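K.L.:
Shown below is the structure under consideration.
The values are calculated or read from the model by the stated rules, or taken from the named source; none is laboratory data. Predicted, not measured: the structure shown is a model, and the values here were computed from it. No Cβ is skipped: glycine too gets one built from the backbone with ideal geometry, and neighbour counts run over all protein chains shown. Please note that ligands, DNA and RNA were not included when accessible areas were found on the heavy atoms of the full protein model with its side chains. Shrake-Rupley method; radii C 1.70, N 1.55, O 1.52, S 1.80 Å.
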Amino acid sequence: MSFNPSKCVTMTIGTRNPPKHIYSFCGEQLQSVDSHRYLGVCFNNTLTWNDHVREVCKKAQRVLGLVRRNLWGCNVHVKSTAYSTLIRPLLEYAASVWDTPIQSNNNQLNRVQRQAARFCKNNYSREEGTVTKILAELEWQPLETRRKIKKVSMLYKIRHGLVDISLGSHLVHQTRETRGHNKKFRQIRYKTRRYGDTFFPSTIPIWNNLSTATVNAATIEAFKIQVNKELCN
């Protein structure tokens, strides 16, 4: 197997200006970067998702502009279908990995959906509550809720062996009895907010608060239906 050094980079991760070293590979010095895309997800050297959210929003805005230019005369159903198939997937790709509670990132993502909603209904009124009403009419779920559903659905898949992700030491069942279902996981302790926002520490509380009927769903399809009912109410 041969490697192409020009396609390889190095990234030093840290929040306190860690020293950067020079690395060589196949006789060539590798470029040092602050962020890099891997499998469609943008990682940066401070382990935040600011760069990724900014990039996906830019891409979604470009596609929204294309849809506006080509479907401006279509009905609401066609426009809404275009959004749900061409634009929203860009905003949610690998969301179970990078879902973030940072409000500035959420605002960027929500701005794309709100602009798409106005386009679908051809309503650009600045009256307070207009976009909220439009979203309700379109029956579009908040993006934050959709990401929660994706995360807890992934946890269901992991627990039932539907994906090739080992439980490892992340998922430990609670031994003491508490209110709610008996399939709760022990909450992961963390010292930094960055780790607390990662998949397992942030998803376990959502799972633990689900109803017994939901966590006992026989299939992933049935589980998603139950989760939608719970988290969207």
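K.L.:
With a cap of 11 neighbouring Cβ atoms within 10 Å, and only residues DSSP puts in a loop, list the chymotrypsin sites (Phe, Trp or Tyr not before Pro) found in segment 61-140.
P.N.:
Within segment 61-140, the qualifying chymotrypsin sites (Phe, Trp or Tyr not before Pro) (loop, at most 11 other Cβ atoms within 10 Å) are 72, 124.
K.L.:
So, one more: Which helices pass in the chain if a helix is a full DSSP H run, must span at least 27 angstrom along its long axis by Cα, and must have mean Kyte-Doolittle hydropathy not below -1.0?
P.N.:
Helix filter hits for the chain: 50-71.
K.L.:
Return the subset of 59/191; 191/229; 157/229 for which the Cα-Cα distance in this structure is over 24 Å, preserving the input order.
P.N.:
Over 24 Å Cα-Cα: 59/191; 191/229.
K.L.:
Per Stokes-Einstein, at 4 °C and 1.567 mPa s, what whole-number D in µm² s⁻¹ belongs to segment 125-183, with the Kirkwood radius over Cα pairs as the hydrodynamic radius?
P.N.:
86 µm²/s
K.L.:
When the scattering of segment 62-137 is computed by the Debye formula from its Cα atoms alone, each counted once and equally, what is log10 I(q)/I(0) at q = 0.13, 0.19 Å⁻¹?
P.N.:
With no solvent term, the Cα-only Debye profile gives -0.42, -0.85.
K.L.:
Probe radius 1.4 Å, ligands and nucleic acids ignored: give me the carbon and sulfur share of the accessible area of segment 1-62 as a rounded percent.
P.N.:
Carbon and sulfur: 52 percent of the exposed surface of segment 1-62.
K.L.:
Another question, then. Based on alpha-carbon positions alone, could you give the equivalent ellipsoid semi-axes of segment 1-43 from the gyration tensor, as √(5λ), descending, whole Å?
P.N.:
That gives 20, 16, 6 Å for the three semi-axes.
K.L.:
Could you give the distance between the Cα centres of segment 161-233 and segment 51-85, to the whole Å?
P.N.:
33 Å
K.L.:
Working from the pairwise distances between different alpha carbons, so that the mean of 1/r is found and then inverted, what is the chain's Kirkwood radius in Å?
P.N.:
Across the chain, the inverse of the average 1/r is 20.6 Å.
K.L.:
Moving to a separate point now. Residue 50 to residue 111: FRET efficiency via 1/(1 + (r/R0)^6), r the Cβ-Cβ distance, R0 22 Å, to the nearest 0.05?
P.N.:
0.90
K.L.:
Accessible area per residue for segment 40-179 in Å², computed with a 1.4 Å probe and the full protein assembly in place, what is it?
P.N.:
Heavy-atom accessible area per residue stands at 57 Å².
K.L.:
May I pose another question? With the convex hull built on the Cα atoms of segment 174-233, state its orientation-averaged projected area in nm².
P.N.:
Result: 4.9 nm².
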